[in-house]
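The values are calculated or read from the model by the stated rules, or taken from the named source; none is laboratory data. What you see is a predicted model, and the numbers here were worked out from it, not measured in a lab. Every residue, glycine among them, receives a Cβ derived from its backbone with ideal geometry; neighbour counts consider all protein chains shown. Keep in mind that these areas ignore ligands, DNA and RNA; they rest on the heavy atoms of the full protein, side chains included. Shrake-Rupley method; radii C 1.70, N 1.55, O 1.52, S 1.80 Å.
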Amino acid sequence: MSTFPELPPAPSGEGLSLPAGEAAGMEERLRRSEERYRSLVAATAQIVWVANAQGLVEEDSPSWRAYTGQSAEEVLGLGWLDAVHPDDRPGTLHVWSQALASGGFYEIEYRIRRYDGVYRTFWVRGVPVREADGSIREWVGTCTDITDRKRLEDELIQTAYEATLRANQLEATFEAMTDAVFIFDSEGWILSVNAAARRFLSRVAPLSEKEMTVDDYLARLDLRDATGQALAREQWPSQRLLRGEVLADAPFSDLLLRLPNGCERRISVSGSPVRDDRGSVIGAVAIGRDVTERYLLERRTHEALEALLALAEALVEIPRDLASPQPEHVGSSSAETGAPGLHQRHEITHRLARLICQVLNCHQVAILHLAAESDVLQLLAYAGDEYDGEGWQGWLPLHCPAEPQLSLSFPPEAVAALRADRLLGQNDGGSSVVPVEAGERYAAVIAPMLIDQQLIGLIRIQHIEREHEYSAEEVALIRAVARLAALVTEHERLLHERAEARANELALRESNRRMDEFLSIASHELRTPLTTIKGNVQLARRHLQRLPLTAEQREKLAIVQELLERADRQTGLLTRLVRDLLESSRAQADRLVVQRRPENLLAIVRQTVSDLQSTAAQRCIRLLVAGQELEPESEPAPIMVLVDAESVGLVVTNYLTNAIKYSPRESPIEVSVECEGCQARVSVRDQGPGLPPAEQRRIWERFYRVPGIQAQGSASPGLGLGLHICKTIIERHQGSVGVSSQPGAGSTFWFTLPLLMEAGEGTGL
Ligand code: ADP
């Protein structure tokens, strides 16, 4: 076995003789060719072998020996097989014998044991070298170490396999995603979409349509923002992404769109631009999630909550008629309890606290009341296992006395937050409070109770765990519960106030009744002695006048006369006051006696005017009938009314006395009587101080006197009863009273009475 296979035999020289010079040249070329061949083989770093036509190695193969460490003898025949991996030997022999039989190429891969025992994989090739007659002379072959290449190939195959697997997985995930994923290039051409996106796109435009960009699709969707405002093109998500913006999936980034079939959807869009190595945007990935259902659900929940609140509001709505008696509170409004309805009030609030505890599934609930005037917080009710209502002040962030004020028990920014209807979260120690954020953990939450933006109290909620995480829903629920609690406690407070007011009203009524009783007794008691005094005084005056006295004596007694006159006037005044008191108490006790007869109103008025004119001779009192001044002797047609003449005379007297009393002495007073439709109207006009509107209403109340209005000259002040009596009398006659006046421009007091109409009769004038 030669190291190198012999070169193909030189062409036979038979019949061809070469000149000696040429033959030498030929040999030289052959020698060079062989050298080149050897160098080539050496350079390949392969193992080269030669076997005879039967496949047995006869020639030494130094490269095989060098590699395997076998000796030349060991290699001979089929000895080389010993260096082949035992597992590969049967296959190798099989292929080798096939090649020998067929005379074709011998090609196989097997592992050869290196001199150091390490097996490496070789690619073995062999070709037959034939004789001129075509028979095989020998086999020449090479073994090439392909271990590294093979490992590389294996690795590549493995990597490719894994990559394909991953790609398939990704592809499957991508396709299975319920979110629609769009990948598009910098011009908006769609590069890839998943199944959800394909479905979506097919609803926008038939897939058969010419290729479209993302914007072509968007242009067909009437895009709007979450508030329903139309979106300008530069605000479209595709445009924003291609400008390099990252879109986060947030509620405020939701889009509203209308599909060509008219269906409205709400889509939450997120995505990010795709950049090349240099950072330029070369495309984008956009993900759309249809949140229509979720949004509707949220809205429904919200609406349900609102409805709940509305219901609660309706339930606790304050009865409009606050004056109507409420049996349960009237019962507790007696003087002994002192705080009417207080028991019920607290019971209801306690029930509320227990209810809140249940609704929020929490450990402890406390409802604190804030007094508007004093800013003091007070524990109204609580619910929870391990609490007896003592030491609640310890829950407040800043430590305070037993009656803590809001402004001292919370930091100023916390007070401002509470007043702005924000919830506060308290840390474990309780000393720090921060505005509540959904998803955060707090030891307790404090919610403000507001009515009409006024802080009326606080609710403190605590869970069993040291720090509880409050979800957005829980925060919303706490807020709703606080609103409800505010309504309930406010309702209770108003009921309580009403009960108190009713108690006061009852007390007032009782004291009025006692006062009337007293007045009635007092005026009765006074009337008799007064009448006696008055009679005696008048008797004395008459006696004095009748005495036959000298001018000197008369002069001396003038002073007595004057004293008697004054006494007479004063008893007159006292009589009037007593009469007023009596009338008033009768009116109050509904005992005003009116004996109605057909009367001529004109005659009553005329008589009263004339009576008063005689007592106030210096005053000018004019009487007008139907706008005409009444001449002393004239006899106008009567104005008939069905009245108690004495009572109506009293009303005219009162109006006229007031006019005389409150207007300047020199100013005239006008009394007019006229008919208006089926009513008679009497009015007394003066040029006195006049009355502002508010006073015009109040003068009809009992004992009301307008501050600052003084009676003229020596006229005595009244009790503020006259007008009240007038009103009572006139209303008893189905008439009405009133005043028209302006401060500084005098007053006109009037009353109307129904005319007495006989069948077919006119007004009587
Ligand atoms: P009094 O006995 O005090 O006059 P009245 O009930 O008659 O009581 O009147 C109530 C109050 O109305 C009076 O105190 C007075 O302040 C005011 N008043 C009544 N009449 C007039 C008037 N003609 N002009 C101005 N004020 C009047």
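Listed peptides 455-463, 371-379, 724-732 appear in the order 455-463, 724-732, 371-379 once ranked by packing, highest mean of other Cβ atoms within 10 Å at the front. Taking a ≥ b ≥ c as the square roots of the eigenvalues of the alpha-carbon gyration tensor, the stretch 561-676 is classed oblate because a/c is 1.5 or more while a/b is no larger than b/c.
Here the accessible area of the stretch 25-145 is 53 percent carbon and sulfur, with a 1.4 angstrom probe and all protein chains present.
Of the solvent-accessible surface of the stretch 177-290, computed with a 1.4 Å probe over protein heavy atoms with every protein chain present, carbon and sulfur atoms account for 52 percent.
Per residue, the stretch 164-304 exposes 60 Å² of solvent-accessible protein surface, assessed with a 1.4 angstrom probe and all protein chains in place.
If you take the alpha carbon atoms of the stretch 25-145 and fit the smallest convex hull around them, that volume is 104 Å³ per residue.
Could you work out the Rg to Rh ratio of the stretch 143-243, with Rh taken as the Kirkwood radius (inverse of the mean 1/r over all Cα pairs)? So for the stretch 143-243, dividing Rg by the Kirkwood Rh gives 1.25. Evaluating kT/(6 pi eta Rh) at 20 °C and 1.002 mPa s, with the Kirkwood radius of the stretch 592-759 over Cα pairs in the Stokes-Einstein relation, gives 132 µm² s⁻¹. Normalised per residue, the accessible area of the stretch 33-160 is 55 Å², obtained with a 1.4 Å probe and no contribution from ligands, DNA or RNA.
Seen from all directions on average, the stretch 177-290 presents a Cα convex hull projection of 6.9 nm². Per residue, the solvent-accessible area of the stretch 679-750 (1.4 Å probe, heavy atoms of protein chains only, all protein chains present) comes to 47 Å². Within the accessible surface of the stretch 577-652, defined with a 1.4 Å probe on protein heavy atoms only, the carbon and sulfur portion equals 48 percent.
The alpha-carbon atoms of the stretch 431-475 define a convex hull whose volume equals 91 cubic angstrom per residue. Judged by the gyration tensor of its Cα atoms, with axes a ≥ b ≥ c, the stretch 421-496 is prolate; a/c meets the 1.5 cut and a/b is the larger of a/b and b/c.
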